[in-house]
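Reviewing the structure listed below.
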Amino acid sequence: MLKLATGKSHAKIILLGEHAVVYNEPAIALPLPDLKMVATITPRNFGQIILAGNYQGSLNEMTEAFEGIRQLINRLLRFFSNPKLAFTLKLESNIPLERGMGSSAATAVAIIRAFFALFETELSDRDLQRWANVEEAITHGSPSGIDAATAAHDVPVWFVKGQKPMPISMSLDATLIIADTGVHGQTGLAVSVVREQLLNEPVETQNHLSELGKLSVQAQEFLAANSIEKLGPIMNSAQQHLSALGVSHPYLDALIDAALEAGALGAKLTGGGVGGTMLALASNEANIDAIVSALEAAGAREIWVQKYYANKE
């Protein structure tokens, strides 16, 4: 057993396919490698101590909000036949919580990698996903798997409900700017809005969902070819369909309009909507600065910038 072991992961963002993915249309999630999670484990003489930004204390005293993490760690210790191992687990992260960026999945992936490294055991991608699902199932009830898959890969993930998430190619030379409205997103409520609309306006609503699926298919090609001038309009079209489904929000609309007026190639909500976050696509440094300034002026609470480089996967 090593005297120090680390595991790393990162955040994710949904590029396209929100809500349509619930109805078997494809979605694409992008990695956010600049928003990192690092888990470091060091053996100690007594105790099982967790040191994180939102919790410092013993493993056994973790509250209900961290039950997924507690269960994951206990099961990992049993798997390695060392349930009473004394250790300090330090979690360092700049991933925002409850912003649809997969913070819980990133935490799980980093912890799993750290424990497997500690016990000097190989970890397959399949086993990593299986272990991550332990935490995700407890924390989220019925996870799709897209968060854990994207946290574990440095490439985009293609996801269709009921199918295994698949890494896809990306050669993108551009920047995503993500902004928080300050309004807590309500995914469950947003899903209910779409479900109600599908019940009462089935033809029109299904058309929006189908078109969102088609946009994901087109975006997959543009990501691989670095066709950012085509990817931007895809994002704009997706926002129109999402707005028609009733899941946008006045604050989201204000940020999206501000980004587009400042020169963004495309802008849309990301995740559940009805508040939450939006993202904008920028092509160069001057464009980035202008968009960030416009988003700040429009009331964005927090802004994150993720740069991608062509041919870097």
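Read-outs: derived from the displayed coordinates by stated rules, not from any lab. The shown structure was predicted, so the numbers you read here are calculated from the model rather than taken from an experiment. Note that each Cβ is placed from the backbone with ideal geometry, even for glycine, and that neighbours are counted across all protein chains shown.
Can you sort 23, 251, 309 by how many other beta carbons sit within 10 Å, fewest first? Please report the intermediate quantities before stating the final value.
Details: 23 16, 251 20, 309 12.
Fewest to most other Cβ atoms nearby, the residues stand as 309, 23, 251.
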Under 29 Å from residue 90, Cα to Cα: lysines that are on another chain or at least 8 residues apart: 3, 8, 12, 36, 307
Amide H partners (placed H, <5 Å) of residue 15, local residues excluded: 28, 29, 30
Per-residue [θ]222 nm for the chain (sum of -39500 (n - 2.57) over DSSP H runs n ≥ 4, rounded to 500): -13500 deg cm²/dmol
Dipole moment magnitude, nearest 20 debye, region 5-167 about Cα centre, only Lys, Arg, Asp, Glu C-beta charged: 360
P(r) of region 5-167 over all Cα-Cα pairs, binned every 5 Å from zero, in whole percent: 2, 10, 18, 23, 20, 13, 8, 4, 2, 0, 0
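Please state the charge dipole magnitude for region 91-152, taken about the Cα centre, from unit charges on C-beta atoms (+1 on K and R, -1 on D and E), reported in debye and rounded to the nearest 20. Mind dumping the intermediate values first?
Numbers: 4 positive and 9 negative charges, 23 e Å.
Taking the Cα centre of region 91-152 as origin, the dipole is about 100 debye.
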Non-local Lys pairs in region 145-287, i.e. 8 or more apart or on different chains, that have alpha carbons under 20 Å apart: 5
Relative exposure of 211, 201, judged by other C-beta atoms within 10 Å (fewest first): 201, 211
